[in-house]
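The values are calculated or read from the model by the stated rules, or taken from the named source; none is laboratory data. These numbers come from a predicted model, not from an experiment. Here the Cβ positions follow ideal geometry from the backbone for every residue, glycine too, while neighbour counts run over all protein chains shown. Side chains are part of the model used for accessible areas, which takes the heavy atoms of the whole protein and leaves out ligands, DNA and RNA. Shrake-Rupley method; radii C 1.70, N 1.55, O 1.52, S 1.80 Å.
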2 protein chains.
Amino acid sequence: MAVAGGQSGKLYEQVATRVRGMILGRAFRPGDRLPSVRDLSRQEGVSVTTVIEAYRLLEAQGLIHPRPQSGYFVHAYASSVPAEPTRTEPAAVPSEFRLEELLQEMGKHNADPAVVKLAFATPNPSLLPHAKLARIMTSVVKDHPEASYGYGPSSGHRQLREQIAQRAFGAGAVVSPDEIVITTGCQEALYLALRAACPDGGVVLVESPCHYGVLQAIQLAGLRSMEVCTRPREGICVDAVEEAIQQGLEDGVPVRACLVNPNFHNPLGGLLSDRDKMRLIEVAERYGVTLIEDDVYGDLGHEIERPRVAKSYDEQGNVLLCSSFSKTISPGYRIGWIIAGKRHAQLERLKHALSYGAAGIPQLTLAEFLSTGGYDVYLRRARKAYAQNVARVSTAIARYFPAETKVTRPAGGFVLWVEMAPRIDSVKLYTEAVKHGVLIGPGTLFSGQGNYRNFFRMNAAQWNEETEAAIARLGKLVQGM
Amino acid sequence: MAVAGGQSGKLYEQVATRVRGMILGRAFRPGDRLPSVRDLSRQEGVSVTTVIEAYRLLEAQGLIHPRPQSGYFVHAYASSVPAEPTRTEPAAVPSEFRLEELLQEMGKHNADPAVVKLAFATPNPSLLPHAKLARIMTSVVKDHPEASYGYGPSSGHRQLREQIAQRAFGAGAVVSPDEIVITTGCQEALYLALRAACPDGGVVLVESPCHYGVLQAIQLAGLRSMEVCTRPREGICVDAVEEAIQQGLEDGVPVRACLVNPNFHNPLGGLLSDRDKMRLIEVAERYGVTLIEDDVYGDLGHEIERPRVAKSYDEQGNVLLCSSFSKTISPGYRIGWIIAGKRHAQLERLKHALSYGAAGIPQLTLAEFLSTGGYDVYLRRARKAYAQNVARVSTAIARYFPAETKVTRPAGGFVLWVEMAPRIDSVKLYTEAVKHGVLIGPGTLFSGQGNYRNFFRMNAAQWNEETEAAIARLGKLVQGM
């Protein structure tokens with residue numbers, strides 16, 4: 001199994017990936033003995049230490065276990081690491097989204113300390129660099145009273161825009177700090193991007209499934225979404241995007257924008273290839289459709305260091321890149337941004353009209369944290385932990401859920417998308433699960449068409465006894481349905 | 001001169017107000033000797049000390065000056081404390097607002113450290129309780145990591161909502177913390193209120209003049225504003241509101257909402273009487289029009305402790321009360337709120353769809369600051385300082401501007417609305433003034449109809465040599481136009 005994207009993690013992680021591929025592909029079956037450390041070392045052309053580290057990683061992920069004097073064996077349930085969902089085939093109809101009551105109810109349950117929170121995509125608190133951020137914020141508060149006593153620039157503090165421009169360069173995009181507008185999280189960025197892209201209404205193409213925040217923003221902007229076939233690992237089908245645009249022209253309901261999440265899609269976890277990113281940009285330009293790119297998970301590749309943003313291939317300024325620090329550093333700071341290309345001036349005006357600027361002290365704290373270099377060290381640790389926890393949660397689903405259950409194999413981020421037997425209603429499961437102290441995200445939230453009723457999304461950022469017990473309870477509920 | 005609203009400041013402030021009324025009403029003329037301290041003490045039935053304090057206040061406001069051995073005299077220019085603008089008579093036509101390019105340009109000038117910033121309504125930084133807030137935030141950062149690592153409730157942290165409910169009670173409104181949604185400043189609150197009030201478009205009545213933020217929010221929500229006659233001291237003409245609603249019904253362009261700023265209006269500084277607040281609520285209910293109340297200056301009465309909010313008379317839940325801490329504690333925290341009455345559930349959903357929640361640490365910092373009681377002490381100091389600085393700036397305008405210049409007499413807040421001779425174009429004045437290092441807010445920003453071309457708004461929160469020099473430069477420019 002080749003390491004995706006060619007940008008690899010450490011050597012032992014590459015070896016672990018290949019072995020995991022063999023197990024998931026059933027080349028090694030439950031109970032099988034794996035090659036000895038010495039054999040694998042020879043075969044892979046790596047050191048014995050590297051193989052030992054790879055096996056330890058797979059053990060931590062719950063796929064294999066050592067037996068004294070006998071070597072490593074595939075776990076009894078490991079081969080049943082669930083199959084993957086297949087590519088989606090949504091109906092090609094524009095739709096409106098009516099699930100906000102459900103989200104509102106879920107929000108109330110999420111405030112209950114007794115509930116195990118697997119519904120919302122919150123990062124793992126134990127990984128976040130609290131102490132360092134707290135130290136930085138304490139000195140920002142002291143040294144920058146102007147961040148409190150003034151409104152600050154509506155586009156955001158320049159120190160932060162400089163840091164974001166530098167990070168965007170690492171994702172292949174050459175932008176100046178003057179082309180960036182700071183927002184209240186990525187959600188506000190998406191809403192503003194939609195307002196700028198579609199001033200006269202119209203249809204927006206989205207992946208299927210699609211994060212409900214995207215569907216909410218589309219509805220709030222008075223637009224309609226149309227879902228496009230999406231492959232769990234490889235992302236949106238670019239041919240289907242072009243077909244939908246053509247169909248819209250024929251039907252007189254022109255597509256105005258296409259809003260995609262190419263890097264580690266929420267909820268699928270897939271990665272659009274660089275080639276497809278280029279094709280998508282070409283198709284959008286050819287038909288005069290604006291491309292909106294959501295990159296909130298871009299820094300959280302499990303084995304891929306940092307994929308390029310689609311924006312990096314944008315020569316016409318037709319891509320609006322939206323992102324935030326909510327998945328990486330702090331959801332509570334509510335700091336996102338937008339790089340709006342040729343619509344920058346318009347975006348600045350929209351942002352000013354909507355909410356002036358974003359909070360000053362969180363902006364300066366993030367700027368300082370990014371510039372003092374702790375971010376990359378932290379990311380390496382977080383990415384590894386998310387890869388492990390996602391693997392552990394997948395394995396637990398295989399253990400506790402019915403055999404027909406399918407689970408995505410995300411290449412980044414920390415959510416899993418779970419497909420159950422068609423008879424299982426995830427809204428009913430959600431209701432039952434809440435009574436058993438577990439909160440999940442029903443699949444219908446991820447479609448404007450009411451698709452994915454037998455799916456749910458699960459936050460796999462954390463792994464501990466509580467998570468495992470919650471998954472066991474969920475599995476039992478599904479078994480009984 | 002009676003103290004407005006019957007809720008007075010300290011005794012010496014009441015005395016000063018009466019004497020100021022005599023000077024402005026030309027009962028005492030420039031150069032006149034004022035009653036001796038002993039005489040006035042007898043006449044007013046107050047102590048000699050109180051009169052001395054009153055005279056010192058008037059001296060600080062630039063209206064009178066002492067002469068050794070002779071007592072207090074009216075300043076030579078004091079009688080020309082400018083006349084007031086009269087009530088406004090906007091055309092009764094719905095309009096759209098197109099001045100965002102100008103605001104964008106002003107925003108850039110406002111970032112220039114060399115410019116004297118008199119355009120935007122930023123509080124006086126030297127009054128703000130920085131040190132205390134910094135101490136509180138430092139401990140919040142340490143003690144509440146959950147405010148960073150989670151999204152927090154979409155409606156905002158409960159601790160802050162409790163404090164806001166308590167303060168609302170002080171303004172006559174009985175609300176529970178569960179009826180409050182925290183927003184990214186008042187601007188976002190106004191936008192959300194408009195979206196909730198006018199889901200199907202329509203016309204929104206506003207005061208004339210009207211803060212441009214209101215006009216921006218109306219435009220962003222796809223609505224049209226209609227300006228209603230407003231009296232500089234007494235606020236919106238309620239009869240004119242009813243007439244506009246009736247006219248809209250006749251013309252088939254129904255009025256959906258009325259957005260008002262009853263307490264210390266921006267830019268006029270007037271105060272709608274309690275009777276008119278009640279009438280406004282009655283009219284709005286009778287015609288099925290939603291009332292949106294902007295109360296950002298409500299805590300900043302110069303001599304009036306705390307006027308009631310219109311919301312306090314709302315029995316049907318038809319009033320959406322919007323406010324923020326941006327004028328009182330910190331614009332940079334970007335924390336506002338909305339009390340949406342019967343539209344609360346809808347508001348929660350809109351807020352979630354627009355930007356999830358507001359930044360957590362600023363919320364908890366404000367909650368702590370409000371609950372530990374420093375707010376009222378701070379407010380007393382700030383209100384007195386704003387009263388003084390507004391008087392000083394008015395006096396300086398009288399000194400440096402042509403005699404025909406008129407200036408409002410705000411009862412609260414810290415902005416002045418300046419009317420120049422009809423031939424003076426405030427956009428031209430703004431352009432010239434920027435070249436001379438002074439930023440003002442041209443009057444056209446405060447009307448969707450392009451009214452008030454010969455007016456401008458001036459921030460009078462600060463008074464120092466720089467302010468006076470800037471006003472002198474402005475006056476010279478106007479003299480030459």
Relative to the other copies, what are the label-point distances for A:Glu282, with labels 7 Å from Cα along the C-beta vector, expressed in nm at one decimal and sorted shortest first?
7.1
Taking 45 Å as R0, compute the FRET efficiency from the Cβ-Cβ separation of B:Ser126 and A:Lys435 and round it to 0.05.
0.20
Residues with amide H under 5 Å of B:Phe73's amide H, sequence separation 5 or more or different chain, H placed in the peptide plane at 1.01 Å from N; which?
B:Leu34, B:His65, B:Arg67
Area hidden from solvent between B and A (accessible, protein heavy atoms only, 1.4 Å, total, Å²)
4500 Å²
Kindly list the residues of the stretch A:194-227 that lie in the label zone of A:Ala91, defined by a backbone N under 13 Å from the point 7 Å along the Cα-to-C-beta vector.
A:227
Cα-Cα P(r), the protein assembly as shown, percent of pairs per 10 Å interval
2, 11, 20, 22, 18, 12, 7, 4, 2, 1, 0
Read phi for every residue in the stretch B:318-324 and hand back ³J(HN,Hα) as whole Hz from Karplus 6.51 cos²θ - 1.76 cosθ + 1.60, θ = phi - 60°, with x for Gly and Pro.
8, 9, 9, 9, 10, 7, 6
Chain-alone versus full-assembly comparison, the stretch B:120-141, residues with accessible loss of at least 40 Å² (1.4 Å probe)
B:His130, B:Met137, B:Thr138, B:Val141
Convert each backbone phi in the stretch B:276-288 into a coupling constant with the Karplus relation 6.51 cos²θ - 1.76 cosθ + 1.60 (shift: θ = phi - 60°), then list the ³J(HN,Hα) values in order as whole Hz, x for Gly and Pro.
5, 4, 5, 5, 4, 5, 5, 4, 4, 5, 4, 9, x
Compute the accessible area of each residue in the stretch A:154-188 twice, once for its chain alone and once with every protein chain present, using a 1.4 Å probe on heavy atoms, and list those whose area falls by at least 40 Å².
A:Thr184, A:Gln187
For B:Thr290, enumerate residues with amide H under 5 Å from its amide H, sequence gap 5+ or separate chain, H modeled in the peptide plane.
B:Ala257, B:Cys258
Computed for chain B: size of charge dipole around the Cα centre, +1 on C-beta of each Lys and Arg, -1 on C-beta of each Asp and Glu, debye to nearest 20, value 1380 debye
Taking the Cα-to-Cβ direction at B:Ser139 and at A:Val377 and moving 7 Å from each Cα, how far apart do the two end points lie in nm?
3.1 nm
Can you compute the modelled spin-label distance between A:Asp200 and B:Glu162, with each label point 7 Å from Cα toward Cβ, in nm?
5.3 nm
Order A:Phe169, A:Phe73 by their accessible area, 1.4 angstrom probe, all chains in place, largest first.
A:Phe169, A:Phe73
Could you give, in nm with one decimal, how far B:Gly45 is from each other copy of that position, shortest first, with labels 7 Å out from Cα toward Cβ?
10.4
From Cα coordinates alone, what are the radius of gyration and Dmax values for the stretch B:11-74 in angstrom?
10.5, 27
Calc'd 3J(HN,Hα), the stretch B:103-109, phi into Karplus 6.51 cos²θ - 1.76 cosθ + 1.60 (θ = phi - 60°), Hz, glycine/Pro = x, comes to 4, 4, 5, 4, x, 5, 4
Go through B:Val19, B:His157, B:Gly170 and say which Cα lies farthest out towards the positive end of the charge dipole of chain B; charges sit on Cβ, +1 for Lys and Arg, -1 for Asp and Glu.
B:Val19
Helix-only [θ]222 nm of chain B, DSSP H runs n ≥ 4, -39500 (n - 2.57) each, per residue, nearest 500:
-13000 deg cm²/dmol
To the nearest 10 degrees, how steeply does helix B:11-24 sit against the main Cα axis of chain B, on a 0 to 90 scale?
70 degrees
Just want to confirm a number: the relative contact order over the stretch B:261-379, from Cα pairs under 8 angstrom separated by 6+ residues, in percent.
19 percent
Quick check on the stretch B:275-405: take the gyration tensor over C-alpha atoms, sort the square-rooted eigenvalues as a ≥ b ≥ c, and tell me if it's rounded (a/c under 1.5), prolate or oblate.
oblate
The stretch A:11-74, accessible surface, carbon-and-sulfur percent (1.4 angstrom probe):
49 percent
With the cut-off at 26 Å, tell me which of the pairs A:Lys142/B:Lys327; B:Lys117/B:Lys142; A:Lys108/B:Lys342; B:Lys277/B:Lys428; B:Lys117/B:Lys476; B:Lys117/B:Lys406 have Cα atoms farther apart than that.
B:Lys117/B:Lys142; B:Lys277/B:Lys428
Please work out the average accessible area per residue across the stretch B:347-458, using the 1.4 Å probe convention, and give it in Å².
27 Å²
Using only Cα atoms, tell me the angle between helix A:158-170 and the longest principal axis of chain A; keep it within 0 to 90° and round to the nearest 10.
50 degrees
Let me know the charge dipole size of the stretch B:194-321 about its Cα centre in debye, to the nearest 20, where only the beta-carbon of Lys, Arg (+1) and Asp, Glu (-1) is charged.
200 debye
A 1.4 Å probe over the protein heavy atoms gives the stretch A:283-433 a carbon and sulfur accessible-area percentage of 47 percent
From the Cα centre of the stretch A:389-433 to that of the stretch B:334-374, the distance in Å is 34 Å
Within the protein assembly as shown: Cβ-based charge dipole about Cα centre, in debye rounded to nearest 20 (Lys, Arg +1; Asp, Glu -1)
2180 debye
Just to confirm the numbers: A:Gln346, label point 7 angstrom along the Cα-Cβ line, distances to the other copies in nm, shortest first?
2.9
Listed residues B:Tyr356, B:Ala396, B:Leu321: farthest to the positive end of the dipole of chain B (Cβ charges)
B:Ala396
Measure nothing fancy, just the Cα-based angle from helix B:465-479's long axis to the longest principal axis of chain B, in degrees from 0 to 90, nearest 10.
90 degrees
Sorted by chain and then number, the residues having a modelled amide H within less than 5 Å of the amide H of B:Val407, at least 5 places away or on another chain, are B:Ala83, B:Glu84, B:Glu419
For the stretch A:148-372, just list the percent of Cα-Cα distances falling in each 10 Å bin from zero outward, please.
9, 37, 38, 15, 2, 0
Counting only DSSP beta bridges with both residues in chain B, tell me the antiparallel percent, nearest 5.
55 percent
Using Cα-Cα distances under 8 Å and only pairs 6 or more residues apart, what relative contact order does chain B have, in percent?
22 percent
Quick check: convex hull of the Cα atoms in chain A, volume per residue, rounded to a whole Å³?
145 Å³
For the stretch A:381-481, listing GluC sites (Glu not before Pro) in a DSSP loop whose Cβ sees at most 15 other Cβ atoms within 10 Å gives A:Glu404
